[in-house]
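Data block below; observations after.
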């Protein structure tokens with residue numbers, strides 16, 4: 001009996017020693033230095049426990065990497081941009097996601113900035129260990145007025161190349177000591193892209209359908225003078241459309257997020273038109289474009305190939321919704337080749353990977369209405 005007790009004590013001592021040496025190993029890795037997306041060297045003296053994000057895109061990456069429990073504050077739009085909601089109205093939309101994400105703390109998450117303003121005194125009072133932001137200008141302001149380490153993630157969620165969201169995920173993984181989780185998320189993203197490209201890259205370039213992408217929708221008709229956008233605003237470089245196998249008619253234009261003349265869209269004569277739509281149950285923009293006398297000569301109009309698509313913005317360019325657009329556009333452009341792709345299942349997987357919540361796409365489809373109608377039409 002005494003021998004068994006000694007054995008148990010020895011095992012316990014060995015376990016305690018292992019924990020001690022693992023703790024020493026973790027401590028020994030600090031301070032550590034890494035480089036953010038702007039090439040700035042960041043030094044952390046100890047593991048991160050309190051995180052603030054400047055915009056929803058940074059919060060989304062932090063949550064996707066499993067650190068949502070350490071998020072102590074975020075930008076105003078975080079509450080309506082992570083779980084798809086009616087903007088500035090969190091009673092309409094994916095409420096189950098809103099009430100369960102980050103341990104149910106989203107409704108009470110402190111708001112430390114808006115689209116235009118940053119509340120520096122409030123941020124300082126929260127004593128963050130680190131701030132993640134999207135651009136150098138914000139980083140410099142935070143460093144000057146707060147003093148804690150500031151990491152620029154940046155990277156558009158629809159940019160699938162180096163410098164886009166994948167690079168942001170890598171940097172966040174380094175900052176939070178979760179490189180393995182970052183690699184898993186990157187592998188997930190690349191897996192979805194490769195699945196679609198395995199079809200689209202086999203289509204000869206001259207056989208790919210031409211597409212006009214109205215990235216800001218058409219709720220105010222052709223052009224909204226207040227915001228300087230609507231149907232005539234497009235993206236010359238939109239990786240989800242490219243990966244889906246569409247030829248972007250605006251691809252030869254330099255720059256990003258541009259307004260084009262209505263006459264140019266008519267001259268392009270696209271085979272398909274995608275109109276982003278985030279307004280629940282509202283097809284005003286789609287119906288306007290379909291019935292506009294000015295556009296009746298366009299092939300997309302004549303052949304009935306005008307579709308809503310998912311809004312690629314939300315105080316940033318969320319990678320989950322842009323991956324969703326890639327999958328949806330591929331299914332629209334190549335219905336036979338992607339007949340067996342279950343868009344609802346794929347969409348739920350994408351949102352689960354980023355938000356850690358089940359069934360978000362199903363709720364989103366019901367909330368917007370038009371995706372549910374599309375899914376029902378496939379049955």
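No value in this document is a laboratory result; all are computed from the given coordinates. These figures come from a predicted structure and were not determined experimentally. Cβ placement follows ideal geometry from the backbone for every residue including glycine, while neighbour counts extend to all protein chains displayed.
With springs only between Cα atoms under 10 Å, which of 206, 342, 287 fluctuates most in a Gaussian network model of the chain? Answer for the Gaussian network model of the chain: 206.
Which angle between 0 and 90 degrees, to the nearest 10, do you get for helix 95-104 versus the longest principal axis of the chain when only C-alpha atoms count? For 95-104 against the chain, the angle is about 20 degrees.
Between 119, 364, 272, the GNM of the chain built on Cα springs shorter than 10 angstrom shows 119 fluctuating the most. Highest mobility in the GNM of the chain, judged by mean-square fluctuation with C-alpha springs under 10 Å and restricted to 82, 126, 324, is found for 126. The angle between the Cα long axis of helix 319-333 and the main principal axis of the chain comes to about 40°, on a 0 to 90 degree scale. Sorted into 5 angstrom bins from 0, the C-alpha pair distances of segment 43-190 split as 2, 10, 20, 23, 21, 16, 7, 1, 0 percent. Residue-normalised convex hull volume from the C-alpha trace of segment 203-377: 121 Å³ per residue. The angle between the Cα long axis of helix 343-355 and the longest principal axis of the Cα atoms of the chain comes to about 40 degrees, rounded to the nearest 10. Determine, at each q value in 0.14, 0.18, 0.26 (inverse angstroms), the log₁₀ of I(q)/I(0) that the Debye formula gives when each Cα of segment 158-243 is one equal point scatterer. Cα-only, vacuum Debye calculation for segment 158-243: -0.71, -0.90, -1.16. Here is the size of segment 243-285 from its Cα atoms: Rg then Dmax, 12.7, 35 Å. Based on DSSP H segments of at least four residues, each scored -39500 (n - 2.57), the chain has a per-residue ellipticity at 222 nm of -13500 deg cm²/dmol. The convex hull around the C-alpha trace of the chain, projected and averaged over every direction, spans 23.7 square nanometres. Kirkwood radius for segment 186-306, taken over all pairs of different Cα atoms as the inverse mean of 1/r, rounds to 15.1 Å.
Sorting the segments 37-46, 138-147, 276-285 by their residues' average number of neighbouring beta-carbon atoms within 10 angstrom, most packed first, yields 276-285, 138-147, 37-46. Relative contact order for segment 197-353: 24 percent, from Cα pairs under 8 Å spaced at least 6 residues apart, divided by residue count. Remark: relative contact order (the chain) = 15 percent; criterion is Cα-Cα distance under 8 angstrom and separation of 6 or more residues. A viscosity of 0.890 mPa s and a temperature of 25 °C, combined with the Kirkwood radius over Cα pairs in Stokes-Einstein, give a translational diffusion coefficient for segment 317-362 of 228 µm²/s.
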